[in-house]
Amino acid sequence: MKTHYLACDLGAESGRLMLGTLAEGRLELTEIRRFPNVPVRDGDALHWNLRALLDELAAGLDQAGALGRPVAGISTDSWGVDYVLYDAAGAMIEPTYHYRDGRTARGVQAVQARIPWPELFEETGLQFLPFNTIFQLGAESPERLARARRILGVGDAFNHWLGGAACYEESLASTTQLYNPRTRAWSRRLLETLGLRADLFPPIVPSGTRLGPLRADLARASGLRGVEVVASCSHDTGAAVAAVPGAGEDWAYLSSGTWSLMGVELPAPVINAAVREANFTNEIGYGGSVRFLKNIIGLWMVQECRRAWARQGQEYDYPTLTRLAAEAPPFAALVNPADPRFIPPGDMPGRLAEFCRQTGQPAPATPGAVIRCVLESLALLYRRTLRQIEALTGRRIARLHIVGGGSQNHLLNQFTANALQIPVITGPVEATAAGNVLVQAIALGHLPSLAAAREVVRASFPLATVTPADAAVWEAADARFETLLAATR
């Protein structure tokens, strides 16, 4: 018997509606509709165009209904930290700000004037990122906050638009830095300290919560009947980690895309001074597990380089850039991907060249050299991050699972295996959509557990193992990288 589900997966570059079909212990994913997610620049401000995304989702529902297949559930996952405000009539208060909007620096100052960073970390266990929800709210205008009656994360806002109850799913709530992972609730202390009304924040629900039926008008228009809206893992990384085909406790994951998120699953948060100094985070995953991880800038740097070159009339697709990088000389220059200059959009090749000049290195002169510099530097940062995970958790990591779109970058995968000197298992590419669907299946009683869901992943998607090589070369490069980091701190 086949069971069908819909997963709306919203990413920083694009969104898509996927059909998941579960039958005989295997999952098949079919893309129904893909659409761009293009931020809107209004003067110095950067917003999300949520109206356009909702229109695309509605069109995707019509396409799904036209297939004539009975759909059991639907759920949305999205990037974290950004949010939607609603007024007393339940209407969205626009704009919905982009986490790369420049206002976040003002929010950091406002929040840290009221609570010092060590205390904020002790309360939330979340790493410092200047665009976390708490800092964005610190930059909000009093007028908007006074007008607001509810706040929802982006994925939860889409689930609410679909007809589900208004709530904050736990994996997404845990990215806000307003959630206490020990009490598993909103931090009353932080809300009071920052003057945020408690009634603005809706109930937090566990991953895999049924929220109610698909909105009647959407059901009529699309012909989709009997569909349940589910809060699977509303945070895309939470969904992706649910689909990591790992077993045992000696593995780590890397969810690779615009951001790289490297970590391990733990039963409880690790909150201490060493974790704070290393800037790790404790987010919540399916079943209340802790995603102990670090956010790393990821393939954003490659994406921004590609956009910068396109503005100059040089169009490169990703396979071409990867080929050019493979042909470029190795280790000509290295950068620190965690340097704050690489976070905003803009002239990424220029910023990379500036970093190299400031650190006494030759600036990469060709697109291939630029991308090779980025990929080698990312792999070395992954190595450093994995060593920190082992030191902070006491676990010895024997293999790394890379999931998500970045798992298709074979050159970066090989660099990562070489840098870490452990096997790297790649796939599934569509981990986020797979995790979204499989958590729905658990919530609706079609799968018994997360372990069973991961067995479905192993049976359904091609996985490849990348064997490490060139140990001595990468050891030498790591020594250079650590010297570079020390010199630029």
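The values are calculated or read from the model by the stated rules, or taken from the named source; none is laboratory data. If you're wondering where the values come from, they're calculated on a predicted model, not measured in any experiment. Every residue, glycine as well, gets a Cβ built from its backbone with ideal geometry; the counts of neighbours run over all protein chains shown. Please note that ligands, DNA and RNA were not included when accessible areas were found on the heavy atoms of the full protein model with its side chains. Shrake-Rupley method; radii C 1.70, N 1.55, O 1.52, S 1.80 Å.
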*asked:* Go through (1) within 23 Å of N336 (Cβ to Cβ); (2) in contact (Cβ under 8 Å) with a residue 12 or more places away in the chain for R387 and report which single condition fails.
replied: (2)
*Does L152 qualify as being open to solvent by 10 Å² or more (accessible area, probe 1.4 Å) and under 18 Å from the mean Cα position of the chain (by Cα)?*
no
*Residues in segment 291-315 that are over 28 Å from T237 (Cα atoms) and not hydrophobic (A, V, I, L, M, F, W, C): how many?*
5
*Within segment 107-130, how many residues turn out to be without any contact (Cβ under 8 Å) to a residue 12 or more places away in the chain and either part of a loop (DSSP other than H, G, I, E, B) or touching a strand residue (DSSP E or B) at 6+ places or on another chain (Cβ under 6 Å) (or both)?*
2
*asked:* I want to confirm something. Restricting to segment 77-108 and keeping residues that are in contact with an Asp or Glu (Cβ under 7 Å, 6 or more places away or on another chain) and small (G, A, S), which single residue is nearest to R147 (Cα to Cα)?
replied: G102
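Name the one entry in L178, L172, L194 that is buried (at least 19 other Cβ atoms within 10 Å of the Cβ) and over 12 Å from S234 (Cβ atoms).
Details: L172 fails: over 12 Å from S234 (Cβ atoms); L194 fails: buried (at least 19 other Cβ atoms within 10 Å of the Cβ).
Just a single option satisfies the conditions, and that option is L178.
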*Name the residues in segment 258-278 that are open to solvent by 20 Å² or more (accessible area, probe 1.4 Å), closer than 22 Å to P337 by Cα and touching a helix residue (DSSP H, G or I) at 6+ places or on another chain (Cβ under 9 Å), would you?*
T258, W259, A274, R276
_Whether any residue in segment 236-247 is part of a helix (DSSP H, G or I) and open to solvent by 10 Å² or more (accessible area, probe 1.4 Å) is what I want to check._
yes
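Can you tell which of P330, P364 is assigned to a loop (DSSP other than H, G, I, E, B), open to solvent by 70 Å² or more (accessible area, probe 1.4 Å) and at pLDDT 95 or above? Spell out how you get there, then give the answer.
Values: P364 fails: open to solvent by 70 Å² or more (accessible area, probe 1.4 Å).
Criteria check complete, one pass: P330.
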*Is it the case that segment 304-321 has a residue that's buried (at least 21 other Cβ atoms within 10 Å of the Cβ) and among the hydroxyl-bearing types (S, T, Y)?*
no
*What residue, of A398, A391, is modelled with pLDDT of 95 or more, among the aliphatic types (A, V, I, L, M) and in contact with a helix residue (DSSP H, G or I) (Cβ under 9 Å, 6 or more places away or on another chain)?*
A391
*If you go through segment 57-84, how many residues are of a type in the set (D, E) and either under 17 Å from T104 (Cβ atoms) or surrounded by 22 or more Cβ atoms within 10 Å (Cβ to Cβ) (or both)?*
2
*In segment 114-126, is there at least one residue being surrounded by fewer than 16 Cβ atoms within 10 Å (Cβ to Cβ), at pLDDT 95 or above, at positive phi and more than 25 Å from the chain's Cα centre (by Cα)?*
no
*Just a yes or no: is a residue in segment 19-36 among the aliphatic types (A, V, I, L, M) and either touching a Cys at 6+ places or on another chain (Cβ under 7 Å) or more than 20 Å from E430 (Cα to Cα) (or both)?*
no
*Could you grab the pairs with beta carbons closer than 7 Å, sequence gap of 6+ or different chains, first residue in segment 171-196 and within 20 Å of P142 (Cβ to Cβ), second one open to solvent by 50 Å² or more (accessible area, probe 1.4 Å)?*
L191/A198; T193/R114; L194/R114
*Looking only at segment 160-187, which residues are over 16 Å from P269 (Cβ atoms), out of contact with any Lys or Arg (no Cβ under 7 Å at 6 or more places or on another chain) and assigned to a loop (DSSP other than H, G, I, E, B)?*
G164, A165, C167
